[in-house]
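Have a look at the structure below before the remarks.
The values are calculated or read from the model by the stated rules, or taken from the named source; none is laboratory data. What you see is a predicted model, and the numbers here were worked out from it, not measured in a lab. Note that we place each Cβ from the backbone using ideal geometry, even for glycine, and neighbour counts take in every protein chain shown.
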Amino acid sequence: MRFTAKNIPCNSCGASMVYSPKEAKLVCDFCYSTVDIPLGRAVISEDYHNAIHSHPMLDEENYSGEVIQKEVTCKKCNASFNLHQKSFADICPYCQTPVMIDCIQDITPHGLLPFLITQKEAQKKFKIWVGSRWFAPNAFKEYLNESKKLIGYYFPYWSYDTRTITRYEGERGDRYYVTVSKVVMVNGKEERRDVQESRVDWSYRSGMVEVSFDDVTIGASNTIERSRLDEIEPWSCEGIQPFNLNYISGFKAEEYDVEIKDGFSLAKDKMKPIIESRIRRDIGGDEQRIDNMQIQYNNITYKNLLFPVWIASFKWNKKEYEYAVNGRTGKVVGDRPYSYIKIAFAIISALAIAGAIYYYNGLQS
Ligand SMILES: [Zn+2]
Ligand SMILES: [Zn+2]
């Protein structure tokens with residue numbers, strides 16, 4: 001499928017403008033003129049059940065799973081290339097001009113959090129993070145000195161709101177102490193003594209708790225590991241702007257790759273422990289058991305959002321490493337590569353020091 005590339009042309013020179021997180025404006029890379037982006041209205045959540053009923057594609061039975069090739073021609077250099085299947089914004093691989101196309105999923109993005117952290121700042125935070133990792137291999141640290149490796153992505157997220165009502169049955173445990181007579185050893189002799197022992201008195205409890213959730217966010221991209229999308233949280237949904245290509249220009253951006261229903265199942269997993277802790281408080285006592293709970297999700301609404309993330313990935317020792325920096329808070333997440341040589345040296349020197357101390361103490365006494 002052919003798509004028409006969209007750009008945001010500069011009024012002064014016609015080159016493409018890109019979003020600058022530093023200035024929170026559109027900036028022309030060529031003549032440096034800037035354009036303000038007016039702040040938009042609040043982004044309103046939409047009804048979840050309506051979305052599922054009005055988009056039959058969202059039901060698995062209707063899903064064809066067809067892969068759409070997204071062919072696009074760069075407006076500047078005329079080169080044609082394919083975008084990643086879920087991608088709707090990228091950079092021309094030949095001339096680095098932003099290339100944006102229409103979103104084609106059933107649900108188009110409602111809003112986004114613009115990048116706050118610049119690539120430079122992200123790079124700095126990333127370096128500090130790695131620097132604090134003692135055993136990182138030198139090759140890895142060297143890699144960091146080559147800048148421009150962090151790529152800015154707007155990743156799709158679902159954000160759900162719901163008011164839950166949960167009926168539960170369980171048990172409340174109240175601890176009490178009893179005095180028992182026991183044979184204990186005192187100075188190597190057996191002796192009978194009174195000792196205190198704790199017991200738990202369990203009693204049946206049932207009840208109902210109400211918990212409201214606002215903005216339970218679920219990463220909807222498969223480009224990076226789900227655990228990264230989770231670890232990089234929290235996202236503060238304050239500052240969300242209505243969807244606008246002005247913020248996207250110059251970055252990569254994707255549409256959701258996790259369906260709205262699957263996203264909600266993941267949201268349930270996130271909400272469950274919070275509901276459970278509320279039930280435990282409701283039960284009271286010293287210990288609690290929850291035997292069953294029936295959760296009702298009322299007034300479910302959702303937003304389809306884009307959140308900014310800086311990504312670095314590279315291969316080292318045949319293993320793929322992936323790092324993500326939250327484009328709002330600067331939080332860094334990822335696996336830490338360890339240099340086994342460095343670890344071995346650290347152990348050897350620790351042993352050597354311990355040996356030296358032992359030897360020294362031996363001489364002293
Ligand atoms: Zn210009
Ligand atoms: Zn181009």
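Do you know which of the residues in segment 63-116 that are of a type in the set (Asp, Glu) and in contact with a Phe, Trp or Tyr (Cβ under 9 Å, 6 or more places away or on another chain) is nearest to ligand 1 (Cβ to nearest atom)? Don't jump to the end; show me each part of the working.
Going residue by residue through segment 63-116, those that are of a type in the set (Asp, Glu) are 66, 71, 90, 102, 106.
This time we only want the ones that are in contact with a Phe, Trp or Tyr (Cβ under 9 Å, 6 or more places away or on another chain), so: 71, 90, 102.
Details: Glu71: 28, Asp90: 21, Asp102: 25 Å.
Filtering segment 63-116 for residues that are of a type in the set (Asp, Glu) and in contact with a Phe, Trp or Tyr (Cβ under 9 Å, 6 or more places away or on another chain), the one nearest to ligand 1 (Cβ to nearest atom) comes out as Asp90.
Quick one: is Ser277 farther than 18 Å from Lys6 by Cα and modelled with pLDDT of 95 or more? Yes: the conditions hold for Ser277.
Counting only residues that are assigned to a loop (DSSP other than H, G, I, E, B) and within 16 Å of ligand 2 (Cβ to nearest atom), which one in segment 15-35 is nearest to Asn326 (Cα to Cα)? Restricting to residues being assigned to a loop (DSSP other than H, G, I, E, B) and within 16 Å of ligand 2 (Cβ to nearest atom), the top hit is Asp29. Selection within segment 1-14: residues that are touching a residue at least 60 places away in the same chain (Cβ under 8 Å) and in a loop (DSSP other than H, G, I, E, B). The member of this set that is farthest from Lys120 (Cα to Cα) is Met1. Quick check, is Lys303 within 29 Å of Ser54 (Cβ to Cβ), touching a residue at least 60 places away in the same chain (Cβ under 8 Å) and buried (at least 16 other Cβ atoms within 10 Å of the Cβ)? Yes.
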